[in-house]
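The values are calculated or read from the model by the stated rules, or taken from the named source; none is laboratory data. All of these numbers come straight from a predicted model, not from anything done at the bench. Reconstructed Cβ throughout: ideal geometry from the backbone, glycine too, with neighbour counts over all protein chains shown. To get the accessible areas, we keep the full protein, side chains included, count just its heavy atoms, and leave off ligands, DNA and RNA. Shrake-Rupley method; radii C 1.70, N 1.55, O 1.52, S 1.80 Å.
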Amino acid sequence: MRIWALAWPIILSNITVPLLGLVDTAVVGHLPDSRYLAGVTLGAMLFSFLYWGFGFLRMGTTGLVAQAMGRENDTDVRNLLGQSLIMALVIGVLLILFASPLISLGLWLLDGSEVATHLAREYAHIRLWSAPAVLANYAILGWFLGQQNSRVTLMILLLTNSVNIALDIWFVVGLGMTSNGVAWASVIADYTAFAFGGYLVLRQLATLKGTFLRERLLALAAYTALFHVNANLFVRTLGLLFVMAFFTAQGARQGDTILAANAVLLQFIMLTSYALDGFAHAAESLVGRAYGRKDWREFALTVRAAARFSFWTAGAAACLFAVGGNGLVALLTGLEEVRIVAAQYLPWMVVMPLIAVWSYLLDGIFIGTTGVREMRNSIFIGLAAYLPAWWLTQGLGNHGLWLSFMLFTLVRSAVLIHYYRRHYHRRYQLNRWR
C-alpha cells in the first residue's frame with residue numbers, strides 16, 4: 001500500500017493541470033475577439049514544450065535524493081537540493097536573458113497566423129519571467145518526492161493552479177485585460193508556489209542532519225553526477241518532443257479533420273498517463289531508496305507492487321476506451337465530422353495502454369536508479385523503428401501514422417525491459433537468498 005499512498009497525491013495533482021487549461025480557455029474564449037484565444041493557445045503550447053524540456057530537474061533530483069535517503073546520508077540530501085536549485089535558477093536566468101531569440105524560434109516552429117503569433121509573442125515575453133520559479137519548483141518537487149513526500153506535490157500544484165485560476169478571472173473579467181492578463185496570472189502563481197515551496201523546504205531542512213557544504217555547492221566538479229543524469233534526461237526529452245511534434249505534423253498534412261481527431265485521441269493517452277505517472281513516480285522514490293541501500297528484496301517487492309497497480313490501471317483504461325470511447329470523444333468535441341473520424345481510430349486507443357504501461361513503469365524504475373542512459377537509448381532505438389515504419393506505411397494514411405507510433409512505444413518498452421532484466425532482475429535474483 002506504500003505505492004498507493006505515494007501515488008494518489010500525484011494522480012490528483014495531475015488532474016489539476018488540464019483544469020487550469022480549461023479555465024484559461026473559458027476566460028479568454030469569452031473575449032469578443034477569437035485572436036486572444038489563439039494567441040494564448042499558441043503561447044501556452046510554446047511553454048509546455050519549453051518547460052517539459054527541463055523536466056529533468058524534477059526527475060534527476062528525485063532519483064539521486066532517493067538513493068541518498070537509502071544510504072541515510074542527510075548531508076547528500078541537503079546538498080542535492082542546493083545543487084538542483086542553483087542549476088534551476090541559473091537556467092531560468094539564462095532563459096530570460098535569451099528570451100527574444102528563443103521565443104522567435106519557438107513561434108517560427110509552431111507556425112501560427114500573424115495575428116496569433118503577435119499576441120503569443122507578447123504572452124511569451126511575460127511568461128518567461130517565471131522561468132526561475134518554475135524550474136526551481138521542479139527541483140523542490142523532485143527533492144520532496146525523493147524523500148517519499150508526494151503530498152507536497154499536491155499542495156504546491158493545488159496552490160499554483162488555484163492562484164492562477166483566481167487571477168485569470170480577476171485580470172481578464174474584472175480588470176478587462178486580455179491574453180497579457182492570463183500571462184501575468186501564471187507568473188504570479190509560479191512565484192507564489194516558489195515562496196510556499198521554499199517555506200516547506202525550510203521546515204523539512206530543520207528535520208535533517210548534516211550541513212550544506214560550500215565545496216559541494218560552488219565547485220563545478222561537484223556537479224558531475226547531477227550533470228550526467230540531467231544531460232541524458234534532457235536529450236531523452238528532446239527525443240520525445242520530436243516524436244510528438246512529428247506525429248502532430250504528419251497528422252496536419254492529412255487535413256484539419258485528421259489533425260483534430262488525433263488531438264482528441266491524444267487526450268485519451270494523456271488521461272491514462274495521469275494515473276500511470278502516479279505509480280511511476282512512486283516507484284522512483286521507493287526503488288531509489290532500495291537501490292541506495294542495496295536492499296534487493298525491497299527493490300523486488302516495490303517493482304512487483306508498482307507493476308500490479310500499473311497493469312490494473314492500464315487494463316481498466318483499455319476497457320474504458322473499448323466500451324465508452326465514443327462517449328468520451330463526444331465529451332471532447334461537438335464536431336460531428338471529427339467524432340466520425342476519431343471513431344475509426346479508437347481501436348488504437350484500446351491497445352495503447354497495454355503497450356505503454358511498460359514504458360511508464362520502467363521509466364520510474366530507471367529514474368530511481370538513475371539509469372538515464374538506458375532511458376535515453378530506449379527513445380532513440382524506438383525512433384529508429386518509428387521513422388522507417390511511418391515511411392513504409394504512408395499508404396495506410398492515419399492508420400499508418402498510429403501504427404508507427406504504437407511501434408515506437410512497443411520498441412521503447414522492449415528496450416527498457418531488456419535493460420531491466422540485464423541490470424536489475426539478475427541482481428536481485430542472485431541476492432535473494434543472501
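What ranking do 156-166, 117-127 get when scored by the average of other Cβ atoms within 10 Å per residue, highest first? Could the numbers behind the result be given before it?
Values: 156-166: 19.1, 117-127: 21.3.
Taking the mean over residues of other Cβ atoms within 10 Å, the ranking is 117-127, 156-166.
Using only side-chain charges placed at the Cβ, +1 for Lys and Arg and -1 for Asp and Glu, the dipole size of the stretch 284-434 relative to its Cα centre rounds to 1120 debye. Normalising the average separation of contacting C-alpha pairs (under 8 angstrom, six or more residues apart) by the number of residues puts the relative contact order of the stretch 40-177 at 38 percent. Here the peptides 245-253, 177-185 are ranked by packing, the mean other Cβ count within 10 Å, and the order with the highest first is 177-185, 245-253.
Ignoring ligands, DNA and RNA, how do 296, 4 rank by accessible area with a 1.4 Å probe, largest first? Provide the component values of the computation, followed by the final result.
Values: 296 25, 4 105 Å².
Sorted descending by solvent-accessible area, the residues read 4, 296.
How big is the Kirkwood radius of the stretch 187-331, worked out from every pair of different alpha carbons and given in Å to one decimal?
For the stretch 187-331, inverting the mean 1/r across all distinct Cα pairs yields 20.0 Å.
Taking the Cα of residue 294, stepping 7 Å toward and past its beta carbon, and measuring to each backbone N in the stretch 44-74: which are under 17 Å? It comes to 67-73, nothing else. Think of the chain as a dipole: +1 on every Lys or Arg Cβ, -1 on every Asp or Glu Cβ, centred on the Cα centre; then among 269, 167, 85, 85 lies furthest on the positive end.
Less than 5 angstrom separates the built amide H of residue 177 from those of 172, all sequence-distant by 5 or more or on a different chain. The candidate values are (i) 21.3; (ii) 23.0; (iii) 24.5; the one derived from this structure for mean projected area of the Cα convex hull in nm² carries the label (i).
Backbone geometry of the stretch 206-218 corresponds, through the Karplus equation with coefficients 6.51, -1.76 and 1.60 at θ = phi - 60°, to 3J(HN,Hα) couplings of 5, 8, 9, 7, x, 9, 6, 10, 4, 5, 7, 8, 10 Hz, x marking Gly and Pro. Where only DSSP H runs of four or more residues are counted, the chain gives -29000 deg cm²/dmol as its mean residue ellipticity at 222 nm, each run worth -39500 (n - 2.57).
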